[in-house]
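Worksheet for the structure shown next.
The values are calculated or read from the model by the stated rules, or taken from the named source; none is laboratory data. Computed from a predicted model, the values in this text were never measured in an experiment. Every residue, glycine as well, gets a Cβ built from its backbone with ideal geometry; the counts of neighbours run over all protein chains shown.
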Amino acid sequence: MAAGSFHPAPLAAQRLRRLLLLLPSAAHGGTERHALALARMLDAAGVAVTILADPDRHPALARDAGPRLAACLRGARIAWDAAETPEENMRRQRQVLEAMLPAMPVDAALLPLPWPNAGLGLQAVLAERALPSLVIGHLAPAETPPGIDDAARAAARRLPGLWAAVSSPIASRLETAFGLPAGRVQVVPNGVPLPPGIDAGRRRALRAELRASLDLPPDGLVALFLGRLEPVKGAELLPYLAQAFVRRGGAALVAAGTGPLEARLQAALPGGRSALRLLGHQGDPGRLLLAADALVLPSRLEGYPLVFLEAAGRRCPVVASPAALEGLGAAAGDVAALAEAEDVAAMAEALVTAATQSGPTPARLAAAAALARRQDEAAMLDRYRDLLRTLPGMAVTGMAAAA
C-alpha cells in the first residue's frame, strides 16, 4: 500500500481513544516496565492500546503485562539491532511501521526510547504522518549516538507532540542530541507502586528463606544486585565486589537478572560456595529486596532507576555509584551511600555499613522512603495523563482519569 494512503485523524480537538505504543527495545528492562505501567493506566481510562514490539520481546512483555494487555501485543520487527548499521535499522523500522499503520487507526502514539537513536525510523514515520506523539527518553549518553543526523533532528522538530524524560540529565542530553530548544523535553521522574505496610514477620521469613536456599548462615549479610547483567550496569564488577564484601564480613552478593554477561559470570564462578550467587530472572524482586540487607547499583549510566525506588519503598539500604543516581541530583547522597563503581574497596565498605544499618544508614533509609512516597507510581501516572491530554489535537478533557 502506498505510503500516502494513510490519513491520521485531523488535528482538531478530539478524544484520545486509540493509542499506539511502539517498543523499539532489544531487551526487556525498566523502559518496558515503565511503558506497561502507562499502558495499564490508559487501558483503565478506556483507551484502546495497541503494542508493537519485536516478537522476541513478547514472552517477557506478556509476563509483565498480564493477560489483558498481552492480548494487545502485535509482532513487528522494530527493535534497534546493534548488529545492523543505523541506516539499516532506520530503513527496517520505517518499512515495518509504514506497512502496518494503514490497518491500525490510531489517534496518537507513545514512543519510549531506551536509547536516543532506538526509534529513529519510527520517529521519521510519525513526523511524516503528523501523528500526535509522546516520546519518552529513559537513558542517554553524553555523546550523540550514531544515526542522529540533520535529517533525524529535522524529523524530531517536526514531530507534532511532546517530549519527556525521566530525569533532568537525560532531558538535557536528548535536547542536545536532537537539536531541540532548551526546556522542550519535560522531566517526569519515575515512580513505582508502594508496597503495603511492611510486616516484620514476613521480612524475617523471607530473610530466612533466602539464606537457607543459598546455604548461608541465618544471620549472614546479603548484598543484592537486581538488574540486567551488562556492562552499563557494572555487572562485570560483581565478582570482585562480592569477594571484597565477603572479606569484610558479608556472606554473599546475590545477583538477580539476565543479560549478555550472564554466561561469562557463570563460567567464572569457582566450584563450591561462591561469594557471588547468580539467581537468573526473578519474577518477584520485591521479595528479594525484603530479604536482602542492602542493594548495590554499580551502574555507569542510569536514567532514574526503578529498582532504587522499589528498594526505598521497602526500606532496603542502597549503595550506588554517583552515575547510578545522577537523576536524583544533589539529593542522591541523602538517600543512598555513594561510591565510584570502579572503587571496589570503597563500595564494599559502604555495603557493610549499609547492611549493618550503621552510621548514616537509618537517616538515609528514612529520606529514601519519604522520596518514594512523594514520587510513587500514582504521581508519575498523573503527570503522564496530563501530558497525553495536551498532545496536539487532543482535547484537554478528552481522557477520563484512570480508575
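List of remarks:
- Between GLY227, GLY220, GLY259, the distinction of being crowded, with 22+ Cβ neighbours inside 10 Å, in the same structural domain as VAL296 (by TED's automatic domain parsing) and not polar (S, T, N, Q) belongs to GLY227 only.
- Among residues of the range 14-38 that are touching a residue at least 60 places away in the same chain (Cβ under 8 Å) and over 18 Å from ARG74 (Cβ atoms), those with a beta-carbon under 9 Å from a residue that is of a type in the set (Gly, Ala, Ser) and assigned to a strand (DSSP E or B) at least six positions away or on a different chain give the pairs LEU16/ALA108.
- For the range 262-273, the condition holds for no residue, the condition being that it is among the aliphatic types (A, V, I, L, M) and under 23 Å from PRO362 (Cα atoms).
- Of the residues making up the range 287-300, at least one is outside any loop (DSSP other than H, G, I, E, B) and small (Gly, Ala, Ser).
- Once the range 12-42 is narrowed to residues that are part of a strand (DSSP E or B) and of a type in the set (A, V, I, L, M, F, W, C), the residue that is surrounded by the fewest Cβ atoms within 10 Å (Cβ to Cβ) is LEU21.
- Pairs with Cβ under 8 Å, 6+ apart, first in the range 78-97 and within 16 Å of TRP115 (Cβ to Cβ), second modelled with pLDDT under 95: ALA79/SER25; ALA79/ALA26; ALA79/ASP56; ALA79/ARG57; TRP80/SER25; TRP80/ALA26; ASP81/ALA26; ALA82/ALA26
- Scope the range 306-320; condition in contact with a Gly (Cβ under 7 Å, 6 or more places away or on another chain) and in a loop (DSSP other than H, G, I, E, B); matching residues: ARG314
- Search result, residues across the range 266-285 that are outside any strand (DSSP E or B) and modelled with pLDDT of 95 or more: ALA275
- Here the range 130-170 is the region considered, the condition is being over 17 Å from the mean Cα position of the chain (by Cα) and of a type in the set (Val, Ile, Thr), and the residue that is farthest from GLY191 (Cα to Cα) is ILE148.
- Residue identified as surrounded by fewer than 17 Cβ atoms within 10 Å (Cβ to Cβ) and either closer than 25 Å to ASP376 by Cα or without any contact (Cβ under 8 Å) to a residue 40 or more places away in the chain (or both) among ALA291, ALA267: ALA267
- LEU23 being more than 15 Å from THR258 (Cβ to Cβ) and in contact with a strand residue (DSSP E or B) (Cβ under 7 Å, 6 or more places away or on another chain): yes
- Residues being exposed (fewer than 15 other Cβ atoms within 10 Å of the Cβ) and within 20 Å of LEU16 (Cβ to Cβ) - total across the range 49-70: 1
- Looking across the range 200-220, the residues that are in a helix (DSSP H, G or I) and not charged (D, E, K, R) come down to ALA200, GLY201, ALA205, LEU206, ALA208, LEU210, ALA212, SER213.
- The listed residue being farther than 21 Å from ARG228 by Cα and either within 22 Å of the chain's Cα centre (by Cα) or outside any loop (DSSP other than H, G, I, E, B) (or both), out of GLY359, GLY327, GLY333: GLY333
- Any hit, the range 350-373, residues being surrounded by fewer than 23 Cβ atoms within 10 Å (Cβ to Cβ), among the hydroxyl-bearing types (Ser, Thr, Tyr), touching an Asp or Glu at 6+ places or on another chain (Cβ under 9 Å) and in contact (Cβ under 8 Å) with a residue 40 or more places away in the chain: yes
Per-residue answers, yes or no, for (1) within 24 Å of PRO231 (Cα to Cα); (2) without any contact (Cβ under 8 Å) to a residue 60 or more places away in the chain; (3) β-branched (Val, Ile, Thr); (4) loosely packed, with under 15 Cβ neighbours inside 10 Å:
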| position | (1), (2), (3), (4) |
| --- | --- |
| PRO112 | yes, no, no, no |
| ALA127 | no, yes, no, no |
| PRO132 | no, no, no, no |
| PRO145 | yes, yes, no, no |
| ARG153 | no, yes, no, no |
| ARG158 | no, yes, no, yes |
| ALA165 | yes, no, no, no |
| ARG207 | no, no, no, no |
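- Filter result for GLU143 (among the acidic types (Asp, Glu) and within 24 Å of PRO392 (Cα to Cα)): no
- The helices (runs of 4 or more DSSP H) found wholly in the range 94-193 include none carrying at least 1 residues that are outside the structural domain of ARG40 (by TED's automatic domain parsing).
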